[in-house]
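To start, the structure itself, in structure tokens.
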Amino acid sequence: MSGQNAAPKEFNPLEFLSKQSNNLKAKYQQNLENYERNTGHKNPLASEKKEWRAVLSPEQFRVLREKGTERPGTGKYNKHYETGVYTCAGCDAPLYKSATKFDSGCGWPAFFDAIPGAIDRHDDFSFGMVRCTLTQKRTEITCRNCKGHLGHVFYGEGFPTPTDERHCVNSVSLSFHDEKL
Ligand SMILES: [Zn+2]
């Protein structure tokens, strides 16, 4: 990997948000407190599925924790173009800025880049999301902070974006905040 794909190994949402937005930092901390209140554990990373079941909606659980895929064209952020930031629906860590969102026409929210260090990429040879055009490779993406499943990255499809990557993300894995980072 090279260029903007060379993401830092560590990602600390609190540190990141401390510099960027007190409002989002407060939301992130509140999410942690809710998690602890509902599960008895502080850290989403240490959590088990049954804990997530207590804090996520059934559809969020199916996608984030069981690598499900929402039906194309049904997600609430598919055609959503407000200015702000998209955080993880599981842990509220910041993942994508609205400035990197574009209309892929594929039926899911599409971004051409993530906030540096916020996501992990894993090679994936199963099938869930549909390709928009014929591509060679598809990579699963997860939230680095809580390991929740977000969707997939497709490469080299020819979209007129700076990276020619399509981060195809389930709306249900995201939470939008009207906040400029
Ligand atoms: Zn997360």
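The values are calculated or read from the model by the stated rules, or taken from the named source; none is laboratory data. A quick note: this is a predicted structure, and the numbers were derived from the prediction, not measured. Reconstructed Cβ throughout: ideal geometry from the backbone, glycine too, with neighbour counts over all protein chains shown.
Assorted remarks:
- The single condition among (1) at pLDDT below 95; (2) crowded, with 22+ Cβ neighbours inside 10 Å; (3) not β-branched (Val, Ile, Thr) that His122 does not meet is (2).
- Residue match in segment 84-98 (condition: at pLDDT 95 or above, closer than 18 Å to Arg166 by Cβ and assigned to a helix (DSSP H, G or I)): yes
- When segment 37-85 is filtered for residues that are farther than 20 Å from Thr139 by Cα and within 14 Å of the ligand (Cβ to nearest atom), the ones remaining, listed by number, are Asn43, Pro44, Leu45, Ala46, Ser47, Glu51, Trp52, Val55, Leu56, Gln60, Phe61, Val85.
- Condition broken by Glu51, with the remaining ones in (1) in a helix (DSSP H, G or I); (2) loosely packed, with under 14 Cβ neighbours inside 10 Å satisfied: (2)
- Residue count, segment 14-67 (criterion: modelled with pLDDT under 90, among the small types (Gly, Ala, Ser) and closer than 23 Å to Asp178 by Cβ): 0
- Pairs, first in contact (Cβ under 8 Å) with a residue 40 or more places away in the chain and part of a helix (DSSP H, G or I) in segment 12-27, second basic (Lys, Arg) and surrounded by 12 or more Cβ atoms within 10 Å (Cβ to Cβ), C-beta under 8 Å, six or more apart: Leu17/Lys25
- Members of segment 164-174 that are outside any helix (DSSP H, G or I) and either aliphatic (A, V, I, L, M) or over 18 Å from Pro116 (Cα atoms) (or both): Val169, Asn170, Leu174
- Segment 142-163 - residue that is more than 17 Å from Lys67 (Cα to Cα), part of a loop (DSSP other than H, G, I, E, B) and not small (Gly, Ala, Ser) and, of those, farthest from the ligand (Cβ to nearest atom): Pro160
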